[in-house]
Amino acid sequence: MTGPVPYRGRFAPSPTGRLHFGSLVAALGSWLLARHHRGEWLVRVEDLDPPREVAGAAHAQLETLGAFGMVSDGPVLWQSRRHAAYQQAVDQLLDGGAAFFCRCSRSDLAAVDGIHRRCVASDSRRLPAIRLRVDDAAQVAFDDGLQGRIVQDVAREVGDVVLRRADGYWAYQLAVVVDDHAQGITDVVRGADLLDSTPRQILLQQALGLPTPRYLHLPLIVDAQGQKLSKSMAALPVDDDAPLSALAAAWQVLGQRPGAVAGLSSVSGWMAAASANFQPETLPKVTSTTFAALHNTAVARAV
Ligand code: GLU
């Protein structure tokens, strides 16, 4: 007899503002998939980039998740407290020759479309970044749970990956790989804006000797002009005091049957009905969906 398949998912917002409808879709999608697989769902605060952080946003995001019925099944992990783990990972890569110090600036790299293949630094006094060395033959392929087979020529399309920035901050790509492993994440479910980051995360896992989790990228919510919601005027925060209408819209964007959650008046009742009726096979296999987000009761429409 085999036991249940272990499943641990996560939602990992950056505290750059309040949660908007696009983040709600990613949070709800990852939560529903974790519940569907009888797994756990963890929250991680990706507060790695103080210049982009908005004071109070992390706590506001956690409060919003709570108001929408989504609470981490374990302690919330704060990336700002994880420097030692990132340092250890980078030391391992530097010691083994898989990472190197690099003084190239953006303008140095402009002539090669910003893609680093060898150092061309013009100013040797610049503080160095640390990069992962990407082999010329580094083609990565993986099967996304929704988007199908994804192939990327990381050397040609991305180049040597920054692990620690020249300003001393850890790069998202490093932190996400170290922390997905540290939290025992088996299933990364997130927006399709991160689809093209996944191959470099897989390369990094391989360089660190870590297993690769499963990946599933949900449609990114864009406005009528095709702009990512967080960058558009329509990116109104979801309202903690009116969760049901936003949940219903997110449910519809996720390709689920509206009738399954109709007429419910409490968030806990809604979430219970949603997890009982969720059908992963009807998730839309698209990388983006438009949303007319004029207010929190706006109607979502997949294209
Ligand atoms: N912190 C990232 C964001 O808010 C998401 C990281 C991830 O899910 O891997 O865009």
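The values are calculated or read from the model by the stated rules, or taken from the named source; none is laboratory data. These figures come from a predicted structure and were not determined experimentally. We place every Cβ from the backbone using ideal geometry, glycine too, and count neighbours over all the protein chains shown. Ligands, DNA and RNA are excluded from the accessible area calculation, which covers all protein heavy atoms including side chains. Shrake-Rupley method; radii C 1.70, N 1.55, O 1.52, S 1.80 Å.
Data for the structure
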read-out	value
Projected label distance in nm at ASP167 and ALA242, using a 7 Å step from Cα toward the beta-carbon	3.6 nm
Net +/- balance of residues flanking VAL76 in space, Cβ distance below 14 Å, scoring K and R +1, D and E -1	-2
GLN139/HIS83 FRET efficiency (R0 25 Å; Cβ-Cβ; nearest 0.05)	0.20
Listed residues VAL222, VAL112 arranged by accessible area, highest first, probe 1.4 Å	VAL112, VAL222
Helix 57-67 axis, angle to the chain major axis (alpha carbon atoms, nearest 10°)	30 degrees
The chain shape via C-alpha gyration tensor axes, a/c threshold 1.5	prolate
Cα gyration tensor of segment 93-208 - equivalent ellipsoid semi-axes, whole Å, descending	26, 16, 13
Modelled FRET efficiency - R0 51 Å, CYS119 with THR282, Cβ distances, 0.05 increments	0.55
Considering only the chain, percent of DSSP beta bridges that pair antiparallel, nearest 5	55 percent
Rh (Kirkwood; distinct C-alpha pairs) - segment 165-298, Å	17.2 Å
Summed side-chain charge close to VAL90 - residues other than VAL90 whose Cβ falls under 11 Å, Lys, Arg +1, Asp, Glu -1	0
DSSP-defined beta bridges in segment 117-264 - what % are antiparallel, rounded to 5	70 percent
Relative frequency of Cα-Cα separations exceeding 18 Å in segment 37-98, percent	52 percent
